[in-house]
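Participant: One structure follows; several queries about it will come next.
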Amino acid sequence: MQALERVNMVRDCVATLIPSGQKVLISANTPVDIMQALGGSFTIKARGHLLRVEGKDADALGKPVPEPPKLPEGATDEDVEKLVWEQLKSVYDPEIPINIVDLGLVYRVEIKALPVSGRRVEVDMTLTAPGCGMGGVIASDAHARIMEIPTVEEAAVNIVFDPPWNRDMMSEEAKLATGMY
């Protein structure tokens, strides 16, 4: 993976070590290489380690923080579900430059009305490998992206392993990008 850009951290920032998922602090003025910038988050290299910086901390890299998603007035459950899928397409494994939808990791999205107001979104997803150290980080990212959607008051992202993931679940574009035909 070749660096896209070298920058100095603008401010202190908590990042996630890849692939362990451990949180670490990167100090202001630390030089880092941006290795991947997809879906609003960044994979960087600092002091010989790969780390993930969330989109909400893009300013620490001198980059704009992504705008939250919007829904039309009076949006239907179908509108919300469409936006959920779009949000999930902005979630990337920090080591693979393909979103979790095209990787075939998302098995189910369900929208439920809450008793008083708002909606609950339930997602079942899997990982490419059961022992993936970034699994919790990816699920947490998916949850955060869903919670950005207007009218969504609750979300649950469940990691499941049945059926087991295999490359046939990938989109044609993802298969082409990874050479997994």
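Just so you know, all these numbers are worked out from the coordinates, no wet-lab data involved. None of these values were measured; they are calculated from a predicted model. Every residue, glycine as well, gets a Cβ built from its backbone with ideal geometry; the counts of neighbours run over all protein chains shown.
Participant: How tilted is helix 135-147 with respect to the longest principal axis of the chain? Cα atoms for both, answer in degrees (0 to 90, nearest 10).
Facilitator: 60
Participant: Same structure again: Straight-line reach only, C-alpha to C-alpha below 25 angstrom: list the lysines that Lys175 could link to, leaving out same-chain residues fewer than 8 apart.
Facilitator: Result set, ordered by chain and number: Lys82, Lys89.
Participant: Have a look at Leu103, Thr76, Pro66 and report the one farthest towards the positive end of the charge dipole of segment 54-104, computed about the Cα centre with Cβ charges (Lys/Arg +1, Asp/Glu -1).
Facilitator: Pro66
Participant: Further, regarding this structure: Magnitude of the Cβ-charge dipole of the chain, K/R +1 and D/E -1, about the Cα centre, nearest 20 debye?
Facilitator: 680
Participant: Here's a follow-up. Classify the chain as rounded, prolate or oblate, taking a ≥ b ≥ c as the square roots of the eigenvalues of its Cα gyration tensor: rounded when a/c is under 1.5, otherwise prolate if a/b is larger than b/c and oblate if not.
Facilitator: oblate
Participant: Tell me the label-point distance for the pair Arg11, Leu38, using the 7 Å Cα-to-Cβ offset, in nm and rounded to one decimal.
Facilitator: 2.8
Participant: Further question on the same structure: Roughly how tilted is helix 77-88, in degrees to the nearest 10 and between 0 and 90, from the longest Cα axis of the chain?
Facilitator: 20
Participant: When the helix-only estimate is applied to the chain (DSSP H runs of n ≥ 4, each -39,500 (n - 2.57), divided by the residue count), what is the mean residue ellipticity at 222 nm, nearest 500 deg cm²/dmol?
Facilitator: -5500 deg cm²/dmol
Participant: Here is a follow-up. Suppose each label sits 7 Å from its Cα in the direction of the beta carbon; what would the Ala129-Ala156 distance come out to in nanometres?
Facilitator: 3.0
Participant: Next question, about the same structure. Please work out the C-alpha center-to-center distance from segment 1-59 to segment 148-176 and express it in whole Å.
Facilitator: After rounding, the separation between the Cα centres reads 24 Å.
Participant: Using the Cα gyration tensor of segment 59-142, with a ≥ b ≥ c the square roots of its eigenvalues, what is the shape: rounded (a/c below 1.5), prolate (a/b larger than b/c) or oblate (neither)?
Facilitator: The shape class here is oblate.
Participant: On a full-extension model of 0.36 nm per residue, what is the gain between Asp59 and Leu176, subtracting their alpha-carbon distance, rounded to one decimal in nm?
Facilitator: Extending this stretch completely gives an extra 38.8 nm.
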